[in-house]
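Read-outs: derived from the displayed coordinates by stated rules, not from any lab. Predicted, not measured: the structure shown is a model, and the values here were computed from it. Glycine also receives a Cβ, built like all others from the backbone with ideal geometry; neighbour counts cover every protein chain displayed.
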Amino acid sequence: MRLFYVSVVLCVLFACHMSRSTCDELLTPEDEAFCKGELKVIYHDLVVDKCLIVPQSVRKEISKEWGPPQVQLPSADEEKTYTLLMVDPDAPSREKPSRAYWRHWLLVDIKGKALKKGHIRGTELSAYTRPTPPQGTGLHRYQFLVFKQPEGQILSLSPQEESSLGNWNPQAFVQRFGLSGPVASLQFLTQNHKN
C-alpha cells in the first residue's frame, strides 16, 4: 500500500514537471474549501463554477481584455436584495499581503430575481477592476462573496474607504450594514500572464 502512495506522488510530481502548469499551481484544500453555494462567475471564455486556477491560455484576456463577468446564483431568493463583493486578499502577494483586501468590485442592491438569472444590476460602490496581479508575485485569489442585504438598508462606503481600493476591511463593511452570509462564495486563482 505504501508503494502505491509513493507511486501516486511520483506520478503527480512528474506530471507537474512535464506539463505547462507547475506543482505550485495545484489548489490547496483551503482554497478548494472556500467555494460554497451555487455561485457562477461567467467571463467571455471562462466559466467559474468551482474553485479553480485560471488556465495560462486565458490569463492575458482576464487581466487585460474582459470586462465584468456575469454573476449567477440560481438559489437566490427572488424577493430579496443582495450585495456582491470581489476582493483580492493577496495584494500585492500572498506571502506579503500588505495591501489586502484589495477591492475589485462592490455591487449592492442586486435584485434576487436578476441574480438568479445572471443578469445582475445594482448600485456600483466600486467599479469592476480586472484581476491584474503584479509580475513575479505568484498566484492571487480573487474572491466573490454574495450577502443578503437587510430590507431598506442603504449601503455606502466611508470617505476613507472611497479614497483607496487597498487595505479594505470587508468584514467591517459586512458588520456595519448587517449583511447576512455570505450565502455563496467562489474564487479563482491567477497570476500575471507573463509569468
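Selection of the range 92-115 for residues being within 14 Å of the chain's Cα centre (by Cα) and closer than 20 Å to LYS80 by Cα yields LEU106, LEU107. Has the range 182-195 got any residue that is farther than 22 Å from GLN70 by Cα, β-branched (Val, Ile, Thr) and either in a loop (DSSP other than H, G, I, E, B) or touching a Gly at 6+ places or on another chain (Cβ under 8 Å) (or both)? Looking through the range 182-195, none of the residues is farther than 22 Å from GLN70 by Cα, β-branched (Val, Ile, Thr) and either in a loop (DSSP other than H, G, I, E, B) or touching a Gly at 6+ places or on another chain (Cβ under 8 Å) (or both).
Could you list, in sequence order, the residues of the range 116-136 that are outside any strand (DSSP E or B), buried (at least 18 other Cβ atoms within 10 Å of the Cβ) and either within 17 Å of the chain's Cα centre (by Cα) or without any contact (Cβ under 8 Å) to a residue 12 or more places away in the chain (or both)? ILE120, PRO131, PRO133, listed by residue number.
The residues of the range 60-115 that are part of a loop (DSSP other than H, G, I, E, B), over 18 Å from ASP49 (Cα atoms) and of a type in the set (Ser, Thr, Tyr), listed by number, are SER93, SER98, TYR101. Taken over the range 54-91, residues that are more than 18 Å from the chain's Cα centre (by Cα) and either among the acidic types (Asp, Glu) or surrounded by 23 or more Cβ atoms within 10 Å (Cβ to Cβ) (or both) amount to 4. In the range 132-141, the condition of being of a type in the set (Gly, Ala, Ser) and either touching a Ser or Thr at 6+ places or on another chain (Cβ under 6 Å) or under 27 Å from THR28 (Cβ atoms) (or both) is met by at least one residue.
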